[in-house]
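Below is one structure, written out as structure tokens; comments come after it.
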Amino acid sequence: MEVFRELAGLRAALASARADGREIALVPTMGALHVGHIALIEAARRPGACVVASIFVNPRQFGANEDLSRYPRKEMGDIAMLTEAGCDVVWLPPVEAMYPDEFATNVSVAGVSDGLDGEARPGHFDGVATVVAKLFNQVSPSRAFFGEKDFQQLAVVRRMAADLDFDVEVIGVPTQRDDDGLALSSRNVYLDEEERAKAVALPRALGQAARAIAGGGAPEEALADARAALVAAGFAVDYVELVDADTLAPDPPADRRRQLVAAARLGSTRLIDNLAVSPIV
Ligand code: AMP
């Protein structure tokens with residue numbers, strides 16, 4: 001596995017992989033890797049693929065009062081995990097190279113970025129769209145892999161790639177969960193033992209609401225029950241909503257693909273999760 005910290009070296013290596021007939025697959029991450037990230041690497045691997053993982057804790061997607069300075073970093077462990085997972089190239093750009101002083105461009109995706117996490121975290125999805133646009137231009141992948149765990153992010157990236165004619169297939173990978181159902185996240189390390197035990201209320205509340213809605217229950221009632229269950233478990237709820245899985249528009253009709261999306265805080269840790277509402281057949 002090759003590790004690059006300079007764009008010229010990365011581009012030369014990828015040009016040579018392309019010249020050998022290999023297709024480039026990109027897995028963008030912020031490091032502090034876990035099994036959820038590795039599922040993306042595994043989805044990206046296939047014969048003839050050159051799998052590139054980027055590790056970049058992107059300052060532009062953190063708000064002023066968010067956890068940029070304490071975000072977990074474990075570069076050596078990440079590189080070991082990526083080697084083990086069969087990743088071919090790691091791209092580790094320095095912040096100053098990504099955003100030199102004169103950097104002046106912002107990529108903003110209207111609509112899908114606006115509600116939910118976009119409302120709770122102003123500017124977050126502009127930061128995501130801007131860095132993903134840069135990564136797409138740096139790596140020029142034919143396929144790029146993103147977790148469904150960050151459901152709104154995936155929708156923003158899909159919209160941006162289509163709108164800006166990036167010649168890349170954006171592929172969503174199902175959420176990987178711990179044994180009790182909690183979605184794996186780099187931020188789970190912030191949870192102490194007591195909080196970790198309470199955190200399972202999030203996937204449980206979504207599961208219960210999904211079953212109720214799929215069974216014909218009124219969405220507003222199921223959402224209210226889910227919010228109440230989270231508060232009872234000790235969460236402060238940012239939102240629990242039912243949205244159109246493609247557009248993220250609220251109040252989706254039952255004949256659309258519907259997704260439950262939630263964000264809630266346990267102490268200083270903010271967790272997000274989502275779940276499809278599948279019709280009961
Ligand atoms: P992050 O490092 O948290 O920015 O995540 C990098 C990529 O991994 C994003 O596309 C995430 O959606 C994805 N990811 C994070 N956690 C999970 C998970 N539990 N299951 C699947 N994908 C995930």
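The values are calculated or read from the model by the stated rules, or taken from the named source; none is laboratory data. Please read all numbers here as calculations on a predicted model, not as lab measurements. Methodologically, a virtual Cβ is constructed for each residue, glycine included, from the backbone with ideal geometry; neighbour enumeration extends over all protein chains shown.
Check PHE151, PHE146, PHE166, PHE125 and return the single one that is under 24 Å from ARG18 (Cα atoms) and under 12 Å from the mean Cα position of the chain (by Cα).
None of the other options fit; the residue is PHE146.
Does any residue of region 51-62 turn out to be closer than 21 Å to ALA144 by Cβ, of a type in the set (S, T, N, Q), assigned to a loop (DSSP other than H, G, I, E, B) and touching a helix residue (DSSP H, G or I) at 6+ places or on another chain (Cβ under 9 Å)?
yes
Can you tell me which condition ARG256 does not meet? The list is (1) without any contact (Cβ under 8 Å) to a residue 60 or more places away in the chain; (2) outside any loop (DSSP other than H, G, I, E, B), and all the others hold.
So ARG256 meets the others, but not (2).
Within region 1-28, take every residue that is away from the ligand (no atom under 16 Å from the Cβ) and in a strand (DSSP E or B) and give me the one that is nearest to GLY48 (Cα to Cα).
Here the residue is GLU23.
Which of the residues that make up region 29-49 are hydrophobic (A, V, I, L, M, F, W, C), more than 6 Å from the ligand (Cβ to nearest atom) and outside any helix (DSSP H, G or I)?
Answer for region 29-49, where residues must be hydrophobic (A, V, I, L, M, F, W, C), more than 6 Å from the ligand (Cβ to nearest atom) and outside any helix (DSSP H, G or I): ALA32, LEU33, ALA49.
Okay, residues lined up against (1) within 28 Å of GLN259 (Cα to Cα); (2) in contact with a strand residue (DSSP E or B) (Cβ under 8 Å, 6 or more places away or on another chain); (3) surrounded by fewer than 18 Cβ atoms within 10 Å (Cβ to Cβ):
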site	(1), (2), (3)
LEU26	yes, yes, no
ALA32	yes, no, no
LEU68	no, no, yes
VAL90	no, yes, no
GLU96	no, no, yes
VAL109	yes, no, no
LEU116	yes, yes, no
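Can you tell me which residue is nearest to the chain's Cα centre (by Cα) among those in region 95-115 that are under 13 Å from GLN152 (Cβ atoms) and not aliphatic (A, V, I, L, M)?
Looking only at region 95-115, we keep the residues that are under 13 Å from GLN152 (Cβ atoms), and these are 109, 111-115.
Now narrow it down to the ones that are not aliphatic (A, V, I, L, M): 111, 113-115.
Details: GLY111: 18, SER113: 13, ASP114: 16, GLY115: 16 Å.
Step by step, filter region 95-115, then rank; the result is SER113.
Does region 70-83 include one or more residues that are among the hydrophobic types (A, V, I, L, M, F, W, C) and part of a strand (DSSP E or B)?
No, region 70-83 contains no residue that is among the hydrophobic types (A, V, I, L, M, F, W, C) and part of a strand (DSSP E or B).
Suppose the filter is assigned to a helix (DSSP H, G or I) and either in contact with an Asp or Glu (Cβ under 6 Å, 6 or more places away or on another chain) or not assigned by TED's automatic domain parsing to the domain that holds GLY147 (or both); does ALA222 pass it? Talk me through it step by step, then tell me what you get.
Numbers: assigned to a helix (DSSP H, G or I): yes; either in contact with an Asp or Glu (Cβ under 6 Å, 6 or more places away or on another chain) or not assigned by TED's automatic domain parsing to the domain that holds GLY147 (or both): yes.
Yes: the conditions hold for ALA222.
Among the residues of region 65-82, is any in the same structural domain as ALA129 (by TED's automatic domain parsing), at pLDDT below 95 and among the small types (Gly, Ala, Ser)?
Within region 65-82, not a single residue is in the same structural domain as ALA129 (by TED's automatic domain parsing), at pLDDT below 95 and among the small types (Gly, Ala, Ser).
Does ALA262 satisfy being in contact (Cβ under 8 Å) with a residue 24 or more places away in the chain, at negative phi, surrounded by 21 or more Cβ atoms within 10 Å (Cβ to Cβ) and outside any loop (DSSP other than H, G, I, E, B)?
So ALA262 fits the description; yes.
Can you go through ASP179, ASP238 and tell me which one is over 21 Å from GLY115 (Cβ atoms) and within 22 Å of the chain's Cα centre (by Cα)?
Exactly one residue qualifies, and that residue is ASP179.
Got a sec? Which of GLY111, GLY181, GLY127, GLY86 is of a type outside the set (S, T, N, Q) and at negative phi? Write out each step before concluding.
Working: GLY111 fails: at negative phi; GLY181 fails: at negative phi; GLY86 fails: at negative phi.
The unique qualifying residue is GLY127.
Taking the condition of being touching a residue at least 40 places away in the same chain (Cβ under 8 Å) and surrounded by fewer than 19 Cβ atoms within 10 Å (Cβ to Cβ), how many residues in region 212-237 meet it? Before you say what the answer is, go through the steps one by one.
Just the residues of region 212-237 that are touching a residue at least 40 places away in the same chain (Cβ under 8 Å), to begin with: 213-215.
Add one more test, that the residue is surrounded by fewer than 19 Cβ atoms within 10 Å (Cβ to Cβ), and what stays is 214-215.
Qualifying residue count for the region: 2.
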